[in-house]
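One structure is given below, encoded as structure tokens.
The values are calculated or read from the model by the stated rules, or taken from the named source; none is laboratory data. All figures in this text were calculated on a predicted structure; none of them were measured in a lab. Here the Cβ is made from the backbone with ideal geometry for all residues, glycine too, and neighbour counts use every protein chain on show.
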Amino acid sequence: MIALENVIKYFHRGSINEVLALNGVNLRVARGDFITVIGSNGAGKSTLLNGLAGSFPIDRGRIGIDEQDVSGWAEHRRARFISRVFQDPLLGTCGSLSIEQNLALALRRGRPHGLGLGVKGRDRALFREQLSQLGLGLEDRLRDKAGLLSGGQRQALTMLMATLVRPEILLLDEHTAALDPKTAQQILELTERLVREQQLTTLMVTHNMKQALRLGNRLVMMHQGQVILDVGGEQKQKLSVEDLLERFYTVRGDEFSPDRMLLV
Ligand SMILES: Nc1ncnc2c1ncn2[C@@H]1O[C@H](COP(=O)(O)OP(=O)(O)O)[C@@H](O)[C@H]1O
Ligand SMILES: [Mg+2]
């Protein structure tokens, strides 16, 4: 469904700050794949997701989605079928809008018309029903501003917004990393449920190896802008944190540092 072929991405090309962030990435993602992506800081994980979403043009290679070459497509065009959730809970919601206004915006994703913020009664019933499934009591706070919510509540709302209209592709970039462990766990469970129920094709970046091993049907490890490990199915189920660490040590060179890779 998604095919990245020899994708190369530089930042600040030609200057002394030149970074080769993606160094010939090849990755094929099948419909319904749930891929966890790990790798040390600066490995190119976010750049991979950003490149897929069209945040910037790539320098070489090809990005195909459903046989179409989308390499030249603008971000907003890809946003019709790609949803994203970032680490910062403030990024996915508009704090000055109410919960229902935020959801109304999410409902309009991919639709060409109607930029107003009016909320129809029929939609409100849907929002209430969806929010009640979060178990956070937000269904009784439809008119509260999103800015009043806690980080975890806001990230839960963001997850709901990202999936309210089923996306073809869901991109999660360390979306639980800024939350306390209990809240992070809740958001993970919500993620698992939404991905399972809607059978979403998902790429989830995490720095938590246990999480990466437990979730999804495939695991990809990146290092210096390349995919250095890609395992699925039974092979993934057999992997341990020790195996992953060993892989890191094998490729580390001298500059390796485990930085934010969590071992818990
Ligand atoms: N917008 C950008 N401008 C300049 N350099 C960037 C930008 N985004 C990422 N980089 C650089 O590209 C490399 C890969 O970054 P990134 O994809 O964010 O890594 P990861 O998400 O794996 O930690 C890093 O060296 C980073 O500093
Ligand atoms: Mg990142």
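Go through the range 177-231 and report how many residues are free of Cβ contacts under 8 Å to residues at least 60 places away in the same chain and part of a loop (DSSP other than H, G, I, E, B).
Count: 1.
Which one of these is within 15 Å of ligand 1 (Cβ to nearest atom) and not assigned by TED's automatic domain parsing to the domain that holds T158: E75, E67? Full working, then the answer.
Numbers: E67 fails: within 15 Å of ligand 1 (Cβ to nearest atom).
Unique residue meeting the criteria: E75.
Condition (residue is of a type in the set (D, E), under 15 Å from the mean Cα position of the chain (by Cα) and either closer than 28 Å to L239 by Cβ or more than 16 Å from ligand 2 (Cβ to nearest atom) (or both)) applied to the range 20-36: is it met by at least one residue?
yes
So which residues in the range 130-143 are free of Cβ contacts under 8 Å to residues at least 12 places away in the same chain and over 24 Å from the mean Cα position of the chain (by Cα)?
G137, D140
Within the group A156, A178, A162, A146, which residue is among the small types (G, A, S) and under 13 Å from the mean Cα position of the chain (by Cα)?
The unique qualifying residue is A162.
Residues in the range 143-156: is at least one modelled with pLDDT of 95 or more, in contact with a Cys (Cβ under 7 Å, 6 or more places away or on another chain) and assigned to a helix (DSSP H, G or I)?
yes
Suppose we filter G39, G92, G61 for residues that are within 16 Å of ligand 1 (Cβ to nearest atom) and touching a His at 6+ places or on another chain (Cβ under 9 Å); which single one remains?
Only one candidate qualifies: G39.
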